[in-house]
Amino acid sequence: MKQVKQIGRREFIKYLAGTAGLLLASKYAKPAFAFPSNREALGPTKSEANVGERNDGTGTTADELKKFAMVIDVGACIGCRRCMWGCKEENNTPDSISPLWIEVFELQLEGGVTGHPSPQDLKKGVTTSYTEAPKEGRWYLPVQCYHCDNPPCVKVCPVGATYKDEDGLVLMRYDRCIGCRLCVVACPYSARRFNWLKPEVPPEQINPLVPVRPVGVVEKCTFCVHRTRRGKLPRCVEVCPVRARHFGDLNDPESEVAKLLKENLSFRLLEEANTEPKLFYITRGKKWTS
Amino acid sequence: MDILARRASSERATSELLRPLLRTGRGFYFLIAALLILVAWFLYAWYVQLTQGLVVTNMRTPVGAAWGGYIANFVFYVGLAHGGIAIAAAIRLLNLHKYQPVARMGEVLTIISLMMAGLSIMIDMGRPDRIFNIIIYWPERVATSSLTWDVTVIILYFTMSACYLWLTMRKDLALCLNRFPKLRFLYKILLIGYKPGEEHTINRMTWWLSIAIIFLVVMLSGGVVAWIFGLLPSRPGWFSALAGPYFLTAAISSAIAAIIVVSAILRRVFHWQEHIKTEVYSGLGTFLGILTLFYIYLIFSEQLTMNYAAPLAEFLISVKILQGEFAIIFWPMLIIGFLIPAMTLIIQGVRPKWFSLTRTVTASAFIIIAFWVKRFLIVVPSLLRPLLPFPEGSYSPSWVEWSIIAGILAMAVLFYVAFLKLFPILDLSEE
């Protein structure tokens, strides 16, 4: 039986120090060494933010001076859902994603801010789904991803597939997502969608500015990052026939959203969830029904 | 007794201990055939899921449950994986040597359960081809992601338990190195660096290893697995400081119950009545009874909190479980699965005259099944009622999910049987 070679204490400590040194060095070594072909997959650093196509499909970069937000006038919304379908067209959302990124609830006046039908109402058959709008005595509440400033989805993602960018948008890296759906269960607003099957979008309907997602990844509203970073409005804001939606840069005191929030009482959903959503609701407008 | 007779009886004892390795009956082949059929069906179901996507399950979002049977399965198997260390701790740290015979059975249960837990997760992922992203982006995410913590602790726990099993197996492998020529190569690999006097060092190593593993156990089941659920206020019913102790108690209870059932089956099949005395079962049974009773108290505490003056969301989830669509599985689980077995085990513990091994094993089997159901009830009801007024959904596993869950169980049994046929499961050196 071979004798195991004995090493002394001093030698052992030297080995330990050497290993620790190597580990420390590798921590600070540039990621490019380790994964030369995956440079951008490790997330945009300040200097890399200006380099070429990023894998959210926008090919644009964040402006750290901006803080994007949206304001929806609940009093004006007539529940026509053009925002829903416009978003679907713009973002190549397949039929297999249902509900869509935007969902519009029809609520009764007594429902309160959350508007959940009570168990008694549910027994009577009240739902939040509807096909014709507007109705007397109902109000309409569009919801979507709120691009929170304290997003639980970003916190729990084990691979960093969802991230909060410098201009306030919470975005997705579709080629990193492993489909674990922890972000889906972590979002208190149920804003995230999962591709349970391979999405199919007819080629002639594909918007080339937006990636078509693969099966098994999570997706959600991006505040039309491919438009808003180029100075345009999100599609839902553009198509709203009653101009109930407003979008802009909160850091700019002259922007529409900043002014609206200064002049009107606004609320956000589930304030107590401490997520700091960036979609505000106001009730300034009157319903436009003619 | 003279030397020849003593050697003969020692030989007989060793042959008894090595019975699984020496004899292969007809029943074994039937069992293997049945298990292989189940595993083949499981692989087919998984193939269907991989080619068509997770749509073949009944999980849906946001109307419906984003997580379902697979995650319940994962939590269940992580729970079972505590068996090995529970027994090992009892033996090494509390010096309860009467449990020594079932030690390795528990450790093998641990290793196999952890593998099945990992498999359940991999099957639940939308992109299992990207599973290594969890490792690649570990440095970036370990600071904030509860799932990354979970992966870390599970890998640590698996590594340490595997080491523990390997270290404690060496002396027995050395003893039967020459008995099984076909396995000699395998044993030689595992006996790398073996020296005859190494047991002393190994014992010291495993003593410290058990302490480290116990700390990990609390961090694992009472920690990271619980925190995937308990830290999220988005799901009423999940968000609770009780999540840690809740999951930990469930884990240790289900693990002990599994050890009772598995070791009792092996004891009967291989006629090891002399080597595994009933005092093992009376001790484990009483402990299981107390733990299960404590778990019933935790269930009561949780439901009371969700009912008394709770916010609407919690209240409605509790109604779902106690009176709604899940009541039909909750109440039988509570009464038949937990309460009656727990009372049986405790009464047997208080009155040793009434002890019956069959009763203990039956009670443990019911408790294991009840724990799987409980995991399901933790994962699913809270997901069915979003905080925003989306329509409520429903969920029960599809045929693909049931096939895969059954197949994972079949695979676990298959691996266990494979271990039995390759390595000694009882300690050889204590005679």
Scan segment B:378-404 for residues that are within 12 Å of another protein chain (Cβ to nearest Cβ) and charged (D, E, K, R) and jot them down. B:ARG385, B:GLU392
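Kindly indicate which of B:LEU18, B:LEU35, B:LEU109 is in contact with a Cys (Cβ under 9 Å, 6 or more places away or on another chain) and buried (at least 19 other Cβ atoms within 10 Å of the Cβ).
Only one candidate passes the filter, namely B:LEU18.
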Just to be sure I understand, how many residues within segment A:260-279 are surrounded by 16 or more Cβ atoms within 10 Å (Cβ to Cβ) and within 14 Å of chain B (Cβ to nearest Cβ)? 7
Single condition A:PRO36 does not satisfy, out of (1) modelled with pLDDT of 50 or more; (2) farther than 30 Å from A:THR283 by Cβ; (3) not small (Gly, Ala, Ser): (1)
List pairs: first residue in segment A:55-77 and modelled with pLDDT under 80, second residue among the basic types (Lys, Arg) anywhere in the structure, Cβ distance under 7 angstrom, at least six positions apart or on different chains. A:ASN55/A:ARG173; A:ASP56/A:ARG173; A:THR58/A:ARG229; A:THR60/A:ARG229; A:THR60/A:ARG230
Please note which helices (runs of 4 or more DSSP H) are completely contained in segment B:19-127 and include at least 3 residues that are farther than 26 Å from B:PHE215 by Cβ. B:19-22, B:26-52, B:69-80, B:103-124
Only one of B:ILE329, B:ILE367, B:ILE335 is away from every other protein chain (no Cβ under 14 Å), among the β-branched types (Val, Ile, Thr), crowded, with 22+ Cβ neighbours inside 10 Å and within 23 Å of the chain's Cα centre (by Cα); which? B:ILE367
Of (1) over 20 Å from B:HIS275 (Cβ atoms); (2) touching a Leu at 6+ places or on another chain (Cβ under 8 Å); (3) not charged (D, E, K, R), B:PRO20 satisfies every one except (1)
Check off (1) modelled with pLDDT under 75; (2) over 24 Å from B:ALA66 (Cα atoms); (3) surrounded by 18 or more Cβ atoms within 10 Å (Cβ to Cβ); (4) in contact with a Gly (Cβ under 8 Å, 6 or more places away or on another chain) for A:LEU109 and give me the number that stays unchecked. (3)
Quick check: is even one residue across segment A:227-239 more than 11 Å from chain B (Cβ to nearest Cβ), closer than 16 Å to A:CYS83 by Cβ and polar (S, T, N, Q)? yes
Tally, over segment A:271-283, of residues that are touching a residue at least 40 places away in the same chain (Cβ under 8 Å), closer than 24 Å to A:TRP139 by Cβ and either outside any strand (DSSP E or B) or of a type outside the set (Phe, Trp, Tyr) (or both): 7
Going by the conditions given, is B:ALA342 under 30 Å from B:PRO181 (Cβ atoms) and of a type in the set (Gly, Ala, Ser)? no
Which residues, taken from segment B:344-364, are of a type in the set (A, V, I, L, M, F, W, C), within 20 Å of the chain's Cα centre (by Cα) and surrounded by fewer than 22 Cβ atoms within 10 Å (Cβ to Cβ)? B:VAL361
For A:ARG193, state whether it is over 23 Å from A:GLU64 (Cβ atoms) and at the interface with chain B (Cβ under 8 Å from one of its Cβ atoms). yes
Those residues of segment B:304-356 which are basic (Lys, Arg) and either at pLDDT 95 or above or not in a helix (DSSP H, G or I) (or both), in sequence order: B:ARG351
Do we find a residue being small (Gly, Ala, Ser) and in contact (Cβ under 8 Å) with a residue 24 or more places away in the chain anywhere in segment B:414-428? no
Among B:THR110, B:THR61, which is among the β-branched types (Val, Ile, Thr) and under 20 Å from B:TYR157 (Cα atoms)? B:THR110
With the first residue restricted to segment B:319-338 and required to be under 24 Å from B:ALA257 (Cα atoms), and the second required to be of a type in the set (Ser, Thr, Tyr) and not in a loop (DSSP other than H, G, I, E, B), Cβ contacts under 7 Å at 6 or more apart or on different chains are B:PHE338/B:THR292; B:PHE338/B:TYR295
Residue check for B:GLN323: over 30 Å from B:GLY27 (Cβ atoms) and surrounded by 16 or more Cβ atoms within 10 Å (Cβ to Cβ): no
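Okay, residues lined up against (1) in contact (Cβ under 8 Å) with a residue 24 or more places away in the chain; (2) within 20 Å of B:TRP207 (Cβ to Cβ):
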| residue | (1), (2) |
| --- | --- |
| B:GLN52 | no, no |
| B:VAL56 | yes, no |
| B:MET59 | yes, no |
| B:VAL63 | yes, no |
| B:ILE71 | yes, no |
| B:ALA89 | yes, yes |
| B:LEU109 | yes, no |
Output for segment B:102-133, where each listed residue is farther than 20 Å from B:PHE42 by Cβ and within 12 Å of chain A (Cβ to nearest Cβ): B:ARG127, B:ARG130, B:PHE132, B:ASN133
Out of A:LYS135, A:LYS164, A:LYS155, report the one residue that is within 11 Å of another protein chain (Cβ to nearest Cβ), among the basic types (Lys, Arg) and out of contact with any Phe, Trp or Tyr (no Cβ under 7 Å at 6 or more places or on another chain). A:LYS155
Regarding segment B:158-167, can at least one residue be identified that is modelled with pLDDT under 90, aliphatic (A, V, I, L, M) and more than 28 Å from B:TYR70 (Cβ to Cβ)? no
Entirely in segment B:134-206, the helices (runs of 4 or more DSSP H) that have 1 or more residues that are of a type in the set (Val, Ile, Thr) and touching a residue at least 12 places away in the same chain (Cβ under 8 Å): B:146-175
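The values are calculated or read from the model by the stated rules, or taken from the named source; none is laboratory data. As the structure is a prediction and not an experimental result, all values here were calculated from the model. Note that each Cβ is placed from the backbone with ideal geometry, even for glycine, and that neighbours are counted across all protein chains shown.
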